[in-house]
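The structure appears right after this line, and notes come after that.
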Amino acid sequence: MKKENVYTSKNILSLVGVFVIIFWLLYSLASFLHESRKIEQEIDAIRAQNEKALQEIELKKRRLQYLQTPQRIDKEAKMQMGKKQPNENVLIFIEEKLDILPTKTEQRQKEQIVREDVPIIDKWKWVFFGQK
């Protein structure tokens, strides 16, 4: 029996060709999977944006429904224009302005000025009559 040489150039070239084809197929498959994963991520991002937009639309629809109610229109007329219906009583709440009233530190400063620079007669007038 004669042994044939298995490592002929024809066999080596065919093996290299088969390996190149296999690696090319694997690379194509990997790039396809990568591209499909990128496309899925973009689709998920677009779905999230759509969901957010739908929520905003629903919120704006509810706000529009509220703005079109007669109660809201009546409230706005009363608040902004001071209008009221006949025989309707209106309560007005005024916020207190605390910065208009003198604070205790300001009163103490005024008292110190009065004590130091004013003659005694003027001090007594201020104490009894509230004037300088």
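Derivation of every value follows stated rules applied to the coordinates shown; laboratory data play no part. This one's a predicted model, so the numbers in the text were calculated from it and none came from an experiment. Please note: Cβ atoms are built from the backbone with ideal geometry, for glycine as well, and neighbour counts cover all protein chains shown.
Check region 73-81 and report whether any residue there is surrounded by fewer than 10 Cβ atoms within 10 Å (Cβ to Cβ), out of contact with any helix residue (DSSP H, G or I) (no Cβ under 8 Å at 6 or more places or on another chain) and not in a helix (DSSP H, G or I).
No, there is no match, as no residue in region 73-81 is surrounded by fewer than 10 Cβ atoms within 10 Å (Cβ to Cβ), out of contact with any helix residue (DSSP H, G or I) (no Cβ under 8 Å at 6 or more places or on another chain) and not in a helix (DSSP H, G or I).
Return a yes/no flag: does region 51-61 have any residue that is without any contact (Cβ under 8 Å) to a residue 24 or more places away in the chain and touching a Lys or Arg at 6+ places or on another chain (Cβ under 8 Å).
The answer is no; no qualifying residue exists.
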